[in-house]
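The values are calculated or read from the model by the stated rules, or taken from the named source; none is laboratory data. If you're wondering where the values come from, they're calculated on a predicted model, not measured in any experiment. Note that we place each Cβ from the backbone using ideal geometry, even for glycine, and neighbour counts take in every protein chain shown.
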Amino acid sequence: MTQADLYTLLPLIVLVIWACALLLVDLLIPRGRKGITAFLAALGLALTLGLTLAQVSAAGTAFQGMVVLDGFARFVNALLALTGLLGVGLAYGYVRRMGIERGEYYTLLLFSVAGMMLMAQAADLIVVFLALELLSIPLYILAAFARPKETSEEAGLKYFLLGAFATGFVVYGIALTFGATGTTSLSGIIAAASNGDAGLLLTIGAALILVGFGFKVAVVPFHMWTPDVYQGAPSAVTAFMAAGAKIAGFAALLRVFGLAFSSLSADLTAILWTLSALTMIVGNILAIAQTNIKRLLAYSSIAHAGYILMAFVPFGNAEVLPVSVAAGVFYLVAYTLTNFGAWAVVIALEKAEGRGLDLDDYAGLGRKYPALAAAMTVFMLSLTGVPPTLGLVGKFYLFRAVIAGGFYGLAVIGVLTSLISAYYYLRVVVIMYMREGEPERVSEPWLNLTWAASALAVVLISLVPAPLFAWASQAVFALF
Amino acid sequence: MVPVTYYVALSAVLFVIGVLGVLLRRNALIIFMSVELMLNSANLVFVAFARLFEGLAGQVFVFFVMTVAAAEVAVGLALIVAIFRSKRSVDVDQMSSLKG
């Protein structure tokens, strides 16, 4: 282990040590003052974010080619640290209000972020597998964190069983890939696959890995767990899970499929096309019937997994893929900000015992709390893809890239499903402004900051998206 | 030496039994055991190919899989115990408080 190795993983190492130390420090913090743990966790994430942004020099692999530091990893890691910060901000008041304030919450969140960051830096299938588990296992516990509440326990168990099932697919896929190529390192797989001595075993392995990741990022037909888990888990956990697990999952998809398996594009492009189209259609259509805001956002997150998956459909086309992946990464940023904002509004209106989560509970919000309603309107418009929001810009870049790849049908499906989605997103807006009601909101400083800052960012960045897109492109282009 | 295809075929059978177990059985513990079977079928592939390639990488991977499986067991059994305490059952068909 050299200094260069340590430098490559520095933010991650600091984060993991911080999380371990926090577990001990938390013992000394009295029961009623777990807010201190939250602040310490946020401090650790801020430190990680700073270190990530400071890692400007040297791109390359470390630990005998196990992990890699490049522009893409830095971009995604920065986004993940931000996700963690927003996750802590949302949880701070929420867990106290719901009576589930325990210090372990923040430690688990930190470990999960560490797993996600490792995923973005993985250069070997062993590391992909370890990172996947490091990010998932804390999330299983977090989903069941409101125990003995029945819905939360159920969410935790369902997430665990389906997550472990998905892991089984990933591991078996990795095993077959290892058998086909004789190596687990991504660069080794590229070399072996380009020699043409891989064959059927590699294709089956890649397909199984795709199934496993399909479960993790909630792609139709592997999405069944999503609505139940998103509804049953504490809202602050759901917000974090929806954004963080997606970012990490797609980062891994890019590393594994975009780079290592690019020689399999003839076999897999059609499959990815179908998965993406199905996810957009099914997610958006099932969302129409929902009356619970958490389930609605769950189906919306499935639909958005489909949009992001679009970015990988041109894989194997070396000219279009960088552009489309850059668009996908940009879309992830847009989705993260919008997602956290929308969940912050949900948390602001949620009451104990799972009340305040029906769409009808949003009636009258526009008159009583104009700022909160305006923020929610921004998030709904952004999820639909209506100007002036980041969601529109993200979809524009995505559809443009997909069309450049020659997948006109997919772009048409994307546009049509966005139109369908307008129905249920705008219904929320209509209920907020057109119906009479007496909603009660909770006002907590960090929560208010989250939705207000997200709303501002969603609107302002959409006005000048070029710098962010340039940054994302620069991060992605270095990979190819 | 037994050809590697035999091992791969056996592991495929084990993997399919595991997948079917997850899809067909309704007891959370049995589902969990089926998942473990899936992981172990992958371990068999790793060890078989590690011997074929005469390298250690595959065998090392098996240790990682076993360690992670142990971590999963710890969390999974805790979740199953927690839900058994409140429901007095580990039947996944009875977990239906979330719907829509």
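A single member of A:Gly84, A:Gly32, A:Gly44 is without any contact (Cβ under 8 Å) to a residue 24 or more places away in the chain and either in a helix (DSSP H, G or I) or touching a Phe, Trp or Tyr at 6+ places or on another chain (Cβ under 9 Å) (or both), and it is A:Gly32. The combined condition, being at pLDDT below 95 and among the aromatic types (Phe, Trp, Tyr), is not fulfilled by B:Phe15. Can we say A:Leu210 is among the aliphatic types (A, V, I, L, M), touching a strand residue (DSSP E or B) at 6+ places or on another chain (Cβ under 8 Å), under 23 Å from A:Ala122 (Cα atoms) and more than 13 Å from chain B (Cβ to nearest Cβ)? So A:Leu210 does not fit the description; no. Against the conditions (1) crowded, with 21+ Cβ neighbours inside 10 Å; (2) within 11 Å of chain B (Cβ to nearest Cβ); (3) of a type in the set (A, V, I, L, M), where does A:Ile126 fall short? Just the number, please. Checking A:Ile126 against (1) crowded, with 21+ Cβ neighbours inside 10 Å; (2) within 11 Å of chain B (Cβ to nearest Cβ); (3) of a type in the set (A, V, I, L, M), the one that fails is (1). B:Asn27 meets all of the listed conditions (1) more than 8 Å from chain A (Cβ to nearest Cβ); (2) in contact (Cβ under 8 Å) with a residue 24 or more places away in the chain; (3) surrounded by 22 or more Cβ atoms within 10 Å (Cβ to Cβ) but one, namely (3). Put simply, of B:Phe15, B:Phe32, B:Phe61, B:Phe49 the only residue that is among the aromatic types (Phe, Trp, Tyr) and over 21 Å from A:Glu133 (Cβ atoms) is B:Phe49. Counting the residues of the stretch A:188-201 that are within 14 Å of chain B (Cβ to nearest Cβ), surrounded by fewer than 24 Cβ atoms within 10 Å (Cβ to Cβ) and either of a type outside the set (Asp, Glu) or touching a Lys or Arg at 6+ places or on another chain (Cβ under 7 Å) (or both) gives 6. Within the stretch B:6-16, the set of residues being in contact with a helix residue (DSSP H, G or I) (Cβ under 6 Å, 6 or more places away or on another chain) and free of Cβ contacts under 8 Å to residues at least 24 places away in the same chain is empty.
From the list B:Val2, B:Val62, B:Val73, the lone residue that is more than 8 Å from chain A (Cβ to nearest Cβ), farther than 25 Å from B:Val90 by Cβ and either assigned to a helix (DSSP H, G or I) or touching a Phe, Trp or Tyr at 6+ places or on another chain (Cβ under 6 Å) (or both) is B:Val62.
Can you tell me which residue among B:Ser96, B:Ser86 is farther than 21 Å from A:Gly179 by Cα and not in a helix (DSSP H, G or I)?
Numbers: B:Ser86 fails: not in a helix (DSSP H, G or I).
After applying the criteria, what remains is B:Ser96.
For the stretch A:134-167, filtered to residues that are at the interface with chain B (Cβ under 7 Å from one of its Cβ atoms) and β-branched (Val, Ile, Thr), the residue that is farthest from the chain's Cα centre (by Cα) is A:Thr151. Here A:Ser300 passes the criteria (1) more than 16 Å from A:Tyr424 (Cβ to Cβ); (2) of a type in the set (Gly, Ala, Ser); (3) within 14 Å of chain B (Cβ to nearest Cβ) except the one numbered (1).
For the stretch A:270-323, enumerate the residues that are part of a loop (DSSP other than H, G, I, E, B), farther than 28 Å from A:Ala475 by Cβ and among the β-branched types (Val, Ile, Thr). Lay out the reasoning, then the answer.
In the first step, residues of the stretch A:270-323 are kept if they are part of a loop (DSSP other than H, G, I, E, B); the result is A:289-291, A:311-320.
Then keep just the ones that are farther than 28 Å from A:Ala475 by Cβ; that gives A:289-291.
The answer is A:Thr291, and nothing else.
Criterion first (facing chain A (nearest Cβ under 8 Å), within 10 Å of the chain's Cα centre (by Cα) and more than 21 Å from B:Phe61 (Cβ to Cβ)) does B:Phe32 satisfy it? Answer is yes for this residue. Which of the residues belonging to the stretch A:355-368 are surrounded by fewer than 18 Cβ atoms within 10 Å (Cβ to Cβ), in contact (Cβ under 8 Å) with a residue 40 or more places away in the chain and within 21 Å of A:Val95 (Cα to Cα)? Across the stretch A:355-368, the qualifying residue is only A:Asp358.
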